[in-house]
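What follows is a short report on a single structure.
No lab work stands behind these numbers, since they all come straight from the coordinates. On a predicted model such as this, the values are computed, not experimentally measured, just so you know. Please note: Cβ atoms are built from the backbone with ideal geometry, for glycine as well, and neighbour counts cover all protein chains shown.
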Amino acid sequence: MELRGARALITGGSSGIGRAIAVDLAEAGAEAVAVDYAHREDEALATCNEIEARGARALPVRADASLAEDVKRMVREVGDAFGGLGVLVNSAGYTELIPFRDIDAIAEETWDRIMAVNVKGPFLCSREAAPQLRQSRGAIVNIASVAGVRATGSSLPYGVSKAGLIQLTRALALALAPDVRVNAVAPGIIETHWITQLAGEEGARDIYSRTKDATPLGRTLEPPDVSQVVLSLLTSDGVTGETLVVDGGRAINY
């Protein structure tokens with residue numbers, strides 16, 4: 001698969017890891033990159049400006065990736081605008097900060113929202129994009145988390161949702177073979193505004209400090225570290241159904 005000339009849709013692409021992937025795709029020569037966002041239009045437009053500055057067409061699309069009607073409209077708009085689709089990156093995610101031992105603090109609405117965005121959303125987007133991806137013999141990459149392979153993360157339902165996304169990756173790799181490859185990355189702690197929103201400025205600094213001390217590479221990872229792996233999986237023609245941990249080696253320590 002060639003990234004030069006690719007036409008891509010990145011859910012949750014307006015900020016953080018999604019933004020890094022969108023910009024790096026444009027840097028790699030993608031023809032067009034669509035950025036899905038749910039709330040912050042200003043961030044989506046800023047990302048699109050970065051994409052266009054690198055010579056690719058950009059399209060901001062407002063949609064809730066957990067709603068079937070929104071997903072249908074989004075994929076249709078992107079396909080019509082770009083003349084097809086060859087890359088889908090499911091990066092949209094949701095969580096809340098809830099201590100693991102406080103299971104009584106997990107509201108049913110919180111559980112449902114996390115599962116809807118983190119598991120149902122990637123399924124809906126993948127299913128809707130599948131006909132275009134089959135035609136282009138494209139690829140999907142899902143953004144999972146180390147919380148899906150370890151009992152860690154922002155909350156218990158978040159970890160369960162990411163484990164579900166990893167299994168969905170395997171299942172879709174089988175369902176869409178041989179035309180479409182499906183893989184995932186499982187980032188650890190990545191320095192993004194998401195951590196600050198969850199833990200606050202001081203809490204984020206503490207998380208980054210503790211992560212750095214426990215990481216063999218001796219640093220906190222940033223969105224480009226994840227994007228680099230995503231682009232590699234997109235072009236790895238012999239790999240499907242796999243999940244690659246991106247955490248600086250932290251998960252090898254226990």
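For the reader, a short list of remarks on this structure follows.
- Amide H contacts of Val61 (H built 1.01 Å from N, under 5 Å, at least 5 apart or other chain): Val35, Asp36, Tyr37
- Note on segment 1-132: Kirkwood hydrodynamic radius from all Cα pairs is 15.0 Å, rounded to one decimal.
- Given +1 at the Cβ of Lys and Arg, -1 at the Cβ of Asp and Glu and no other charges, the dipole of segment 7-252 around its Cα centre is 720 debye to the nearest 20.
- Calculated over segment 85-227, the projected area of the Cα convex hull averaged across directions stands at 9.2 nm².
- For segment 7-252, projected area of the alpha-carbon convex hull averaged over all directions, nm²: 12.5 nm²
- Charge dipole (segment 94-140, unit charges on Cβ, about Cα centre) - positive-most of Ser136, Met115, Ile103: Ser136
- Length added when fully stretched, Ala105-Lys72, from 0.36 nm per residue minus Cα-Cα: 8.5 nm
- Separation of the Leu45 and Leu174 label points, Cα + 7 Å toward Cβ, nm: 4.6 nm
- Kyte-Doolittle at least 0.0, axis length at least 15 Å by Cα - qualifying DSSP helices, the chain: 16-27, 156-175, 223-234
- Mean separation of Cα pairs under 8 Å and 6 or more residues apart, divided by the residue count, gives segment 7-252 a relative contact order of 18 percent.
- Ranked by the mean number of other Cβ atoms within 10 Å per residue, highest first, peptides 183-189, 103-109 order as 183-189, 103-109.
- The separation of segment 146-180 from segment 71-134, counted between C-alpha centres, amounts to 12 Å.
- Here the peptides 205-216, 131-142, 74-85 are ranked by packing, the mean other Cβ count within 10 Å, and the order with the highest first is 131-142, 74-85, 205-216.
- Spin-label pair Thr235-Gln135: with each label point 7 Å from Cα along the Cα-Cβ axis, the two points sit 2.6 nm from one another.
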